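Q: Structure provided below as structure tokens; questions to follow.
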Amino acid sequence: MEISSDQLDVLYSEEALQERILELGKKIEEDYRDKDLHVICVLKGSFLFLADLVRAIRHDRLSVDFLGLSSYGNETKSSGVVRMTQDLTIPIEGKHVLIIEDIIDTGLTMHYLLENLRTRLPKSIEICTLLHKPANTEKPVDMKYIGFTIPNKFVIGYGLDYAECFRNLPYIGVVRQS
Ligand code: 5GP
């Protein structure tokens with residue numbers, strides 16, 4: 001199905017996203033005040049969220065790394081079969097790790113990632129997701145920081161794609177039902 005940005009309803013405006021991200025950043029800043037913080041951005045969907053979130057965290061010992069995951073499936077439904085497309089560049093053993101994710105839907109991707117990262121012996125591991133869609137949960141995961149809990153709709157923009165496009169939208173939208 002072809003879609004255009006004219007067919008999208010705004011779910012979270014640019015302003016609403018930035019306001020919530022500032023709140024999350026302040027909370028993370030407080031929680032990690034006395035610890036080094038190693039942030040892992042799950043590509044591709046989290047790149048904008050990471051960029052805004054880390055700028056909302058005042059912390060002198062914050063480091064960043066990237067990891068690529070891709071889950072097989074069609075344009076709007078994940079199959080739960082996850083593939084690592086890019087691995088970390090920095091070892092996480094002994095580090096306080098915070099995973100930055102765009103959306104947790106079934107939880108299968110995050111479950112896979114947690115199992116993988118735990119074998120590398122981080123000191124602690126927590127999750128910060130911009131969006132959580134609880135309706136489809138198959139594998140519950142503990143999320144310390146959640147931006148917004150959303151209804152069971154396919155969302156696009158602010159890093160989230162539709163067939164690899166629309167990641168550049170500064171807001172999050174849903175396709176209007178006509
Ligand atoms: P999971 O179902 O494993 O929790 O999520 C797998 C992946 O599916 C997410 O990381 C995200 O890339 C994608 N995904 C899940 N729900 C949505 C959605 O509403 N919109 C978009 N663009 N991607 C989604």
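Results for (1) surrounded by 14 or more Cβ atoms within 10 Å (Cβ to Cβ); (2) part of a loop (DSSP other than H, G, I, E, B); (3) hydroxyl-bearing (S, T, Y), shown as yes or no for each residue.
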{"site": "V54", "(1), (2), (3)": "yes, no, no"}
{"site": "M84", "(1), (2), (3)": "no, no, no"}
{"site": "G94", "(1), (2), (3)": "no, yes, no"}
{"site": "E138", "(1), (2), (3)": "no, yes, no"}
{"site": "G147", "(1), (2), (3)": "yes, no, no"}
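Q: Just to be sure, is I125 closer than 25 Å to H38 by Cβ, in contact with a helix residue (DSSP H, G or I) (Cβ under 7 Å, 6 or more places away or on another chain), hydrophobic (A, V, I, L, M, F, W, C) and not in a strand (DSSP E or B)?
A: no
Q: Suppose we keep only residues that are near the ligand (Cβ under 8 Å from one of its atoms) and of a type outside the set (A, V, I, L, M) within segment 113-136. Which one would you say is surrounded by the most Cβ atoms within 10 Å (Cβ to Cβ)?
A: Filtering first and then ranking leaves K133.
Q: Next question, about the same structure. When you go through (1) farther than 23 Å from L169 by Cβ; (2) within 16 Å of the ligand (Cβ to nearest atom); (3) free of Cβ contacts under 8 Å to residues at least 24 places away in the same chain; (4) not β-branched (V, I, T) one by one for L108, which number turns out not to apply?
A: (3)
Q: May I pose another question? Given the condition touching a helix residue (DSSP H, G or I) at 6+ places or on another chain (Cβ under 9 Å), in contact (Cβ under 8 Å) with a residue 24 or more places away in the chain and over 23 Å from L121 (Cβ atoms), answer yes or no: does some residue in segment 79-99 qualify?
A: yes
Q: Give all pairs with beta carbons closer than 9 Å in which a residue from segment 1-17 that is acidic (D, E) meets a residue that is assigned to a strand (DSSP E or B); count only pairs at least 6 apart in sequence or on separate chains.
A: Here the result reads D9/G173; D9/V174; D9/V175, each pair linking segment 1-17 to a residue that is assigned to a strand (DSSP E or B).
Q: Also: Hey, can you tell me all the residues within segment 1-45 that are assigned to a helix (DSSP H, G or I) and of a type in the set (A, V, I, L, M, F, W, C)?
A: Residues satisfying the conditions are A16, L17, I21, L22, L24, I28.
For (1) over 12 Å from the mean Cα position of the chain (by Cα); (2) without any contact (Cβ under 8 Å) to a residue 60 or more places away in the chain, each residue gets a yes or a no:
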site	(1), (2)
I125	yes, yes
L131	no, yes
P134	yes, yes
M143	no, yes
I146	no, yes
F154	yes, no
G159	no, no
E164	yes, yes
N168	yes, yes
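Each reported figure results from applying straightforward, stated rules to the coordinates on display, with no laboratory input. Only a predicted model underlies this, so the values are computations on that prediction, with no experimental measurement involved. Ideal geometry is used to build each Cβ from the backbone, glycine not excepted, and the neighbour counts take in all protein chains shown.
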